[in-house]
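The values are calculated or read from the model by the stated rules, or taken from the named source; none is laboratory data. Being a predicted model, the structure only gives us computed values, none of them experimental. Ideal geometry is used to build each Cβ from the backbone, glycine not excepted, and the neighbour counts take in all protein chains shown. For accessibility, only protein heavy atoms count, side chains too; no ligands or nucleic acids. Shrake-Rupley method; radii C 1.70, N 1.55, O 1.52, S 1.80 Å.
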Amino acid sequence: EEDLTTLTRLADHAALALSATDVCMIKAQKLATAAERQRVAADIHDLVIQSLFGLVIGLEGCLKLLPNDPQAAQQRLQDLRSLAFKTLTETRRSIHDLWPRTFGKAELMTALRRHTEEIERLNGLTIALTVAGDGYPLNEEAAWTLFCIAQEALSNVIRHAEARQATLRLEFAPRETRLTVEDDGKGFDSRLTADRRLPTAGEGMGLVSMRLRAEALGGRVLLESAPGA
């Protein structure tokens, strides 16, 4: 009964968020230029509304499954959690595109701390965040790119690694900034993805996205993993 009540509450919250999003779209139509309205509306529709609609439907399905098939309900809830986390990441990206202020090193560190704290609270993964060479500057594009790559890397850890601990390390130098993400999870054969530029069936865009973001700034992504390591 307690689980049913919790899931019902979650479904109500998702439905409320869907309704609030519609209200925001109406306000955006009144305030933004025509071109910006179109872009914002498309982003909200593609990233937020579709995902929230999926969450509502999925939670309703869990409510039906829970009394008779709790194991299937648990698997469905794990899938919904991944969907919600992806929606959160993409929504933040869209908001940043509209955000008028700068995003430099200080904002990067603040965002990373908040993001890791949120992951620890929601997923139980322990994350150690360390910084070296803090005196070197970082421009806005590089700072935001590093944040997006860190988000995607940690998202992969949560979804696939079955890890208990992770380390996020930033090293600043005169000619290079290095971001390292490590975990103690089950690992995989990184040779299968070493040179891939497009995802295959069953594989997400995460690794490809990280590579493209890094390469756009003249950087690169190095992937080191093996089954069990």
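Please turn the phi angles of segment 170-178 into ³J(HN,Hα) values with the Karplus equation 6.51 cos²θ - 1.76 cosθ + 1.60 (θ = phi - 60°), one per residue in order, whole Hz, x for glycine and proline.
With the stated coefficients, segment 170-178 comes to 10, 10, 9, 9, x, 10, 7, 10, 10 Hz.
What accessible area, in Å² to the nearest ten, does a 1.4 Å probe give for Lys86?
130 Å²
If you take every residue apart from Ala153 with its C-beta less than 10 Å away from the C-beta of Ala153, what net charge results, scoring Lys and Arg +1 and Asp and Glu -1?
Details: positive: none; negative: Glu152, Glu182, Asp183.
In short, -3.
Within 15 Å, Cβ to Cβ, of Arg121, how many net charges do the neighbouring residues add up to if Lys/Arg are +1 and Asp/Glu are -1?
Neighbour charge sum, excluding Arg121 itself: 0.
Kindly write out, for segment 72-88 in residue order, the coupling ³J(HN,Hα) from the Karplus curve 6.51 cos²θ - 1.76 cosθ + 1.60 (θ = phi - 60°), rounded to whole Hz, with x marking Gly and Pro.
Going residue by residue, I get 5, 5, 4, 4, 4, 5, 5, 5, 5, 4, 4, 5, 5, 5, 5, 4, 4 Hz, with x marking Gly and Pro.
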